[in-house]
Amino acid sequence: MILPFCKKNFKVLWLEYRIFPVTYTIFLSLIIVYVTELLMPAQLRYSFLHQFAADSQIISGKYFKLVSYFFLHKNVAHLYMNLLGFYMLGFETEGNLTSLKYIFLLVVSSVMAGIAAPLFYTRGVIGASGALYGLLGYNLKSYRRRYCRGMRTWVFFVMLVLFFGIDSLLGYFIHAAVLLHLFALIVGFLLSFFIKEDFLYVTHHPQVEYNI
C-alpha cells in the first residue's frame with residue numbers, strides 16, 4: 001500500500017507494522033539489500049552475488065549461503081515479483097500464524113530450497129522464491145477449503161498443474177529455478193500438516209480504518 005507522506009499515514013503504517021512485523025521487515029530488507037547491490041561496481045556486485053548465492057559451496061561447509069541467497073536479486077523485475085509474492089501471500093499467512101510459526105515456515109522453506117539448489121542446478125541460485133513457494137504450498141489446503149469449496153479435487157489438481165506449466169514455460173525464458181520452486185512448494189505443503197493456523201482468517205492485505 002502506497003500512502004502519501006504525512007503524520008497520520010505514518011501512524012497507519014506503524015500500526016500495520018506492529019500487526020505484520022515479519023512481512024514488513026522482509027520488504028525493507030530485500031529493498032535495502034538490492035539498493036546496496038546497485039551501488040556496487042559491476043565486478044564487485046558479481047563477486048558479491050557469487051559469494052552469497054546458494055550453490056555447491058554449501059556442501060563444502062559454507063552454510064551461511066542457505067540464508068544469504070534469500071536476500072539477493074538479479075534485477076528489479078526479479079525483486080518486484082518477489083515483493084508482489086510477499087504482498088499476496090505474506091500478510092495473509094502472517095495473519096493466520098504467530099510470528100514464530102511464520103518465521104519457522106519461512107526459514108525451513110528457504111533453507112530446504114537452498115539445500116536442494118546444488119542438487120538441481122550447477123549455477124548459483126538467488127532470490128526469495130523458495131520461501132514464497134513454501135508459503136504457497138503451506139496455503140494450498142486452506143485455499144482449497146476457502147476459495148474452491150465444492151470444486152472437485154481433480155479440477156483443483158489440474159489447475160495446479162497448469163499453474164506450474166505456465167511457471168515452467170516462463171522459467172525457461174528467464175532462467176527461473178522451476179524445479180526448486182516445485183520442491184519448495186512440496187516442503188510448504190508438508191509443513192501445513194504440522195504448523196496449525198492460529199487465527200481464522202486474514203484473507204487480504206491489511207486495511208486499517210482511520211478518520212479523514
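Using the average count of surrounding beta-carbon atoms within 10 Å as a protection proxy, the listed peptides 38-47, 108-117 rank, highest first, as 108-117, 38-47.
Highest mean packing first, where packing is the average number of other Cβ atoms within 10 Å per residue, the peptides 93-101, 60-68 line up as 93-101, 60-68.
All of the numbers you see were taken from the coordinates with simple rules; none came from a lab. Everything numeric here is computed off the predicted structure, so don't read it as measured data. Positions of Cβ are backbone-derived with ideal geometry, glycine not excepted, and every protein chain shown enters the neighbour counts.
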